[in-house]
Amino acid sequence: MIALKLVLFFPVWGIAQEQTLAQLDAQLRQAMDKEDHKQAVTVLDEMIKRKPSVPNLYYIRATENYKAENFRASVNDFDQLIKLQPSRSDSLWERGISCYYAGDYADGAQQFLDYQNYHDQDVENSVFRYLCLAKSEGLAKARETLIPIERDPRPGLQEVLELYRGKVTPEKLLEQMEQTNLTGEAAAGYRFYTLLYVGLYYVAEGKDDLAAKYLKMAADPKLLSAGSSRISTYMWQTAGIAHRDVLKRQKKQATEEK
């Protein structure tokens with residue numbers, strides 16, 4: 001993600017004010033380069049205070065809040081973006097994931113359904129709607145209403161959908177992953193998406209030990225490096241968030257059992 005050169009939004013401001021905005025822009029770039037998401041949010045708070053009507057500032061802060069695991073704040077930022085730019089509503093799949101981790105499962109499910117109006121061949125969209133519905137309405141309803149996807153071109157994603165349809169087991173999916181003839185970055189991409197969605201499948205099934213195992217593997221930085229052109233950095237960060245979410249739940253459960 002590239003930070004906006006925000007001085008371009010203020011052509012009629014004075015030189016001193018432009019310099020201040022340029023400084024904020026530089027600070028934002030620096031924070032994002034370092035993946036210091038909390039600092040990025042702090043800088044964006046100041047930018048939005050100065051120019052509250054710039055939609056992309058809310059988009060960037062929404063994604064940075066998500067990466068900082070401020071899920072409620074992320075949803076709020078996406079909602080403000082939609083108020084300013086309603087035409088972007090259907091395209092915001094990131095909002096759906098923020099809703100999921102904020103516990104707004106029904107809202108997340110609707111966001112992923114709306115996304116079909118924007119892009120109707122994305123297995124990840126179908127799967128995340130399933131995950132939301134599994135939380136809000138149960139596994140049977142999630143599987144019954146799974147959005148059919150037929151032409152996601154990314155290696156491994158159509159196979160992932162078969163898992164969520166109940167047509168293959170996680171073990172079979174992992175076996176297919178290991179037997180792939182793909183090499184290099186394509187193989188790394190295949191591996192990442194399989195591990196991520198097997199892990200999330202086990203989250204939905206309430207099998208946190210297995211979920212933690214595969215999400216940890218998906219969140220390995222070496223895997224991202226091996227498949228940088230085939231793996232969405234946002235989704236790789238989501239793997240880390242999902243892994244930490246499982247670990248927090250396991251820790252809480254262990255404390256309660258003492």
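Using a Förster distance of 45 Å, how high is the FRET efficiency between residue 141 and residue 33, based on the Cβ-Cβ distance and rounded to 0.05? If you can, show how the numbers build up before the last one.
Numbers: r = 43 Å, r/R0 = 0.95.
The formula returns an efficiency of 0.60 here.
Where the accessible area of region 128-192 is counted over protein heavy atoms with a 1.4 Å probe, how much of it, in %, is carbon and sulfur? Write out the running numbers ahead of the final one.
Numbers: 1580 of 3370 Å².
The C+S portion of the solvent-accessible surface of region 128-192 is 47 percent.
Using alpha carbons only, how many degrees (0 to 90, rounded to 10) separate the axis of helix 105-115 from the longest principal axis of the chain?
80
Leaving ligands, DNA and RNA out of it, report the carbon-plus-sulfur percent of the accessible area of region 208-258 at a 1.4 Å probe.
Values: 1650 of 3050 Å².
Carbon and sulfur: 54 percent of the exposed surface of region 208-258.
Specify the angular offset, from 0 to 90 degrees and rounded to the nearest 10, of the alpha carbon long axis of helix 184-205 from the longest principal axis of the alpha carbons in the chain.
That helix lies at roughly 80 degrees to the long axis.
So which aspartates and glutamates can residue 83 reach, going by Cα to Cα under 17 Å and dropping same-chain residues fewer than 8 places off?
By straight Cα distance, residue 83 reaches 94, 107, 114.
Over the chain, give the accessible area per residue in Å² for a 1.4 Å probe, as an integer.
Details: 12830 Å² over 258 residues.
Counting only protein heavy atoms, the per-residue value for the chain is 50 Å².
Normalised by the number of residues in region 155-258, what is the relative contact order in percent for Cα pairs under 8 Å and 6+ residues apart?
Relative contact order here is 25 percent.
For the pair residue 88 and residue 49, how long in nm is the line joining their label points, each one 7 Å along Cα→Cβ?
That separation, rounded to one decimal, is 2.2 nm.
Report, in degrees rounded to the nearest 10, the 0 to 90 angle that the Cα long axis of helix 55-67 makes with the longest principal axis of the chain.
Helix 55-67 sits at roughly 50 degrees to that axis.
Just to check I understand the Karplus step: with θ = phi - 60° and J = 6.51 cos²θ - 1.76 cosθ + 1.60, what whole-Hz values come out for region 241-258, glycine and proline as x?
Using θ = phi - 60°, the values come out as 4, 4, 5, 5, 4, 5, 4, 5, 5, 5, 5, 4, 5, 5, 5, 5, 7, 6 Hz.
Using θ = phi - 60° and the Karplus form 6.51 cos²θ - 1.76 cosθ + 1.60, what ³J(HN,Hα) does each residue of region 72-87 get, whole Hz, x for Gly and Pro?
Once θ is set to phi - 60°, the couplings for region 72-87 become 5, 5, 4, 4, 4, 5, 4, 5, 5, 4, 5, 4, 7, 9, x, 5 Hz.
Could you give the size of the charge dipole of the chain about its Cα centre, using +1 on the Cβ of each K and R and -1 on the Cβ of each D and E, expressed in debye and rounded to the nearest 20?
Result for the chain is approximately 440 debye, rounded to the nearest 20.
According to the square roots a ≥ b ≥ c of the eigenvalues of the Cα gyration tensor, what is the shape class of region 140-258, taking rounded for a/c under 1.5, prolate for a/b larger than b/c otherwise, and oblate for the remainder? Please list the in-between numbers first.
Working: a/c = 2.04, a/b = 1.28, b/c = 1.60.
Because a/c hits 1.5 or more and a/b fails to exceed b/c, region 140-258 counts as oblate.
Round to the nearest 10 and report in Å² the accessible area of residue 139, as given by a 1.4 Å probe over the protein chains' heavy atoms.
It works out to around 60 Å².
Quick one: check the C-alpha center-to-center distance for region 130-160 versus region 43-114, whole angstrom.
The distance from the Cα centre of region 130-160 to that of region 43-114 comes to 23 Å.
Which translational diffusion coefficient, to the nearest whole µm²/s, is obtained for the chain from the Stokes-Einstein equation, given a Kirkwood hydrodynamic radius over C-alpha pairs, 4 °C and 1.567 mPa s?
66
Charges at C-beta only: +1 for Lys and Arg, -1 for Asp and Glu. How large is the resulting dipole of region 34-179 about its Cα centre, in Debye rounded to 20? Could the numbers behind the result be given before it?
Numbers: 20 positive and 25 negative charges, 98 e Å.
The calculation lands at about 480 debye.
The values are calculated or read from the model by the stated rules, or taken from the named source; none is laboratory data. Everything quoted here is computed from the prediction, not taken from an experiment. In this analysis, Cβ positions are derived from the backbone assuming ideal geometry, glycine residues included, and neighbour counts consider all displayed protein chains. Only protein heavy atoms, including side chains, enter the accessible area calculation; ligands, DNA and RNA are left aside. Shrake-Rupley method; radii C 1.70, N 1.55, O 1.52, S 1.80 Å.
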